[in-house]
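Below is one structure, written out as structure tokens, with a few remarks after it.
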Amino acid sequence: MGSKALFFFALLSFSALAYSENEDQEPGLVMNFYKDTCPQAEEIITEQVKLLYKRHKNTAFSWLRNIFHDCAVQSCDASLLLDSTRRSLSEKEMDRSFGMRNFRYIEDIKEAVERECPGVVSCADILVLSARDAIVSLGGPFIPLKTGRRDGRKSRAEILEQYLPDHNESITVVLDRFAAMGIDTPGVVALLGAHSVGRTHCVKLVHRLYPEVAPELNPDHVPHILHKCPDPIPDPKAVQYVRNDRGTPMILDNNYYRNILDNKGLLIVDHQLATDKRTKPYVKKMAKSQAYFFKEFSRAITVLSENNPLTGTKGEIRKQCNVANKLH
């Protein structure tokens, strides 16, 4: 056998070895994962988000919260969407998930996708892509996100507080929790810019108002908050809330950063973000530049959406997003 033939044979052997080694590897997330198995999937999800947003504006806030509450707890696997069973409590029913709603509309999107491609598209991907499209509905940037996630089979309620930071925890805890997911300080500052939209229930605010108003709150802003939250012990089931941003409450923009620099942040984490030496420089930069805010927000959402997903043969594709498939 000549030297050229030997080289060619060696090359073929190496290629076969490399293929056999990669055969067992999970494929991971990719752009347009469903291009062959369900080419219309992303288009259907986008159209459903637009339709539902047109009917119910507050769905966009819910979908944006979903990606934080699902992906931050160990994995982007749609465990957030599971209902409680006799054996386990759902994440949705935990205190840390207080105020989350509109899960039924995720089921509407799932049903629309199932009509086109039964048993193909995961609830985890629907959750992430609906958040992506909600960001656009709220005036934010379009963020290209990879797909290929599969659904987890159980809720993670028992570890929820271990992973998901609370709005009223210290900025150090918040930075540490997100750092564990690979999100750096400017990324955390940008993610908290999601407080630019939506509202905060009075239950989360009263400790800053009663028995005395927190001295760091802007005195010009206090009468409005007290008017919205007149009861020091609000009913958790009552619709008592304050808009996060009175100026542009339905638009994801950098007005949030100007507000918190003016001591108009509703939550403790908002105040600390604007005053802590680790985060304040980025707050000031985002207050000046919406383009910079959007750039860092897009980067952080991308990292968050790729946090430890189930891919390949792991997990399952649920028939309904709120119920795991029965194991046979």
ask   = Which values of log₁₀ I(q)/I(0), to two decimal places, follow from the Debye formula for the chain at q = 0.09, 0.14 Å⁻¹ with a uniform point scatterer at every Cα?
value = -0.51, -1.11
note = Whole-Hz Karplus couplings 3J(HN,Hα) for the range 169-183, θ = phi - 60° and coefficients 6.51, -1.76, 1.60, Gly and Pro as x, run 8, 5, 5, 5, 4, 4, 4, 5, 5, 6, 4, 5, 8, x, 9
ask   = How far, in nm, would the chain grow between N168 and H56 when pulled straight, counting 0.36 nm per residue and subtracting the alpha carbon separation?
value = 37.5 nm
task = Please tell me which of these pairs span more than 30 angstrom C-alpha to C-alpha: K110/K314; K237/K285; K280/K314?
result = K237/K285; K280/K314
request  = Would you grab the residues whose amide H sits under 5 Å from the one on R318? Only those 5+ places off in sequence or on another chain, please, with H modelled 1.01 Å from N.
outcome  = C123, D151
request  = Return the long-range amide H neighbours of Q240 (sequence gap of 5 or more, or a different chain), with a cut-off of under 5 Å between placed amide H atoms.
outcome  = C202
query = In nm, what is the difference between 0.36 nm times the number of residues separating K284 and S84 and their Cα-Cα distance?
reply = 67.7 nm
ask   = What list do you get for D235, D83 if you sort them by fewest beta carbons within 10 Å?
value = D235, D83
query = Could you state the number of Å between the C-alpha centres of the range 240-305 and the range 137-179?
reply = 17
inquiry  = Tell me the relative contact order for the range 41-163 as a rounded percent, counting alpha carbon contacts under 8 Å between residues six or more apart.
reply    = 39
query = Given springs between every Cα pair under 10 Å in a Gaussian network model of the chain, which of I45, I109, I159 has the largest fluctuation?
reply = I159
Relative packing of 268-276, 178-186, which averages over residues the other C-beta atoms within 10 Å, highest first = 268-276, 178-186
inquiry  = Taking just the alpha-carbon atoms of the range 171-305, what radius of gyration and Dmax come out, in angstrom?
reply    = 15.0, 41
Cut-off under 5 Å, modelled amide H: who pairs with R199 long-range = N244
request  = Would you mind ranking R115, R318, R149 by Cβ crowding within 10 Å, fewest neighbours first?
outcome  = R115, R318, R149
inquiry  = Below 8 Å, C-alpha to C-alpha, sequence gap of six or more: please give me the relative contact order for the chain in percent.
reply    = 26
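Read the figures in this text as sums done on the coordinates, not as results from a lab. Computed from a predicted structure; not experimentally measured. Using ideal geometry, Cβ is built from the backbone for each residue, glycine included, and neighbour counts are taken over all protein chains shown.
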